[in-house]
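Below is one structure, written out as structure tokens; the observations come after it.
The values are calculated or read from the model by the stated rules, or taken from the named source; none is laboratory data. None of these values were measured; they are calculated from a predicted model. Neighbour counts run over all protein chains shown; Cβ positions are idealised from the backbone, glycine included. Note: accessible area is taken over every heavy atom of the protein model, side chains too, but ligands, DNA and RNA are not part of it. Shrake-Rupley method; radii C 1.70, N 1.55, O 1.52, S 1.80 Å.
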Amino acid sequence: MTGTMHGKKLVIVGGASGIARQIARDGAAEGADVVLAGRDENAVAAARRQVADETCGRAAIHAMRIDLGDEDSVVRAAEEIGELDYLVSVAAAHANGPVAELDRAAVVRAFDAKVIGPILLGKHFAARIRPGGALLLFSGVAAWRPAPGRTVMAATNGAVRFLAEALAVELAPVRVNALSPGIVDSGAWDGLGERKEHFFEEVAARNPARRVGSTADISAAALSALTNPFMTGTTLHVDGGGRLA
């Protein structure tokens, strides 16, 4: 993989997340010019500073605002960024809870982040992606292991799989793939506090891989999907076999 990203422009939407920061670090280490984007400008700016510090200024790291629920912001970002090579959407907005208690606005935000927003990214960025470039969307293991209180999460992540296939056909020769992570120690579970370690132990005991994922696991698969010239319309399951457990 070394050098495959050299001189490429890599844009990551949802750029404040732990997985996004890892992809940015690894892409920058291979020589990519990285743009971290998201709706929370302060969070994205903090992520940019962190990645820049960790890469010791050896690569160009930029930050900008993209709100996948606001098409105008997508249009402005596309115009500002111009030509690019790789576009990754890690964005997510959760609407968890029993169906009987779901808030419609929260459900819409969840679909904006995972489904409608990526369609808008394809609409406004595809023509700017250079030959050999690709779009990578993020699904999730919840689509294959639905659970009570996770109906919206299952539906949005499941939709990503079929969206990647449809966009791969319509936007060709731009390649479009999806990546479905399992339970990953990305910072997203830190809110569990002391229960986090026990939760991870339970997940690892069930997973065929007998461990939880790391951001490095996900980033390696993401960069592979972006740079493999013969991969499109595919969903990569990087979940330790969690969907089978």
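At a threshold of 8 angstrom on Cα-Cα distance, excluding pairs fewer than six apart, so keeping six or more, what relative contact order does the stretch 93-195 reach in percent?
Relative CO of the stretch 93-195 lands at 30 percent.
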Discussion item. How big is the dipole moment of the chain about its Cα centre under a simple scheme where the beta carbon of each Lys and Arg is +1, that of each Asp and Glu is -1, and everything else is neutral? Debye, nearest 20, please.
Written reply: 420
Discussion item. Explain nothing, just the number: relative contact order of the stretch 160-245, from Cα pairs under 8 Å at least 6 residues apart, as a whole percent.
Written reply: 45
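At 222 nm, what helix-only mean residue ellipticity would the chain give, in deg cm²/dmol to the nearest 500, using -39500 (n - 2.57) for each DSSP H run of four or more?
The per-residue figure over the chain is -12500 deg cm²/dmol.
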Discussion item. With a cut-off of 8 Å between alpha carbons and a minimum separation of six or more residues, what is the relative contact order of the chain in percent?
Written reply: 18
Worksheet item: Between 216, 102, 168, whose Cα lies farthest towards the positive end of the dipole of the stretch 95-241 when Lys and Arg beta carbons carry +1 and Asp and Glu beta carbons carry -1, centred on the Cα centre?
Response: 168
Worksheet item: Ranked from the most accessible area to the least, with a 1.4 Å probe and all protein chains present, what is the order of 206, 150?
Response: 206, 150
Fill in: Among 145, 39, 21: highest mean-square fluctuation, GNM of the chain, C-alpha pairs under 10 Å
145
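Could you size up the charge dipole of the stretch 142-201 around its Cα centre, putting +1 on the beta carbon of Lys and Arg and -1 on that of Asp and Glu, and report it in debye to the nearest 20?
With Lys and Arg at +1 and Asp and Glu at -1, about 220 debye.
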Practice prompt. Be a star and scan the stretch 104-129 for residues whose amide nitrogen sits under 20 Å from the point 7 Å along the Cα-to-Cβ vector of residue 83.
Written response: 122-129
Worksheet item: How long are the three semi-axes of the equivalent ellipsoid for the chain, computed from the Cα gyration tensor as the root of 5 times each eigenvalue, in whole Å, largest first?
Response: 26, 21, 18
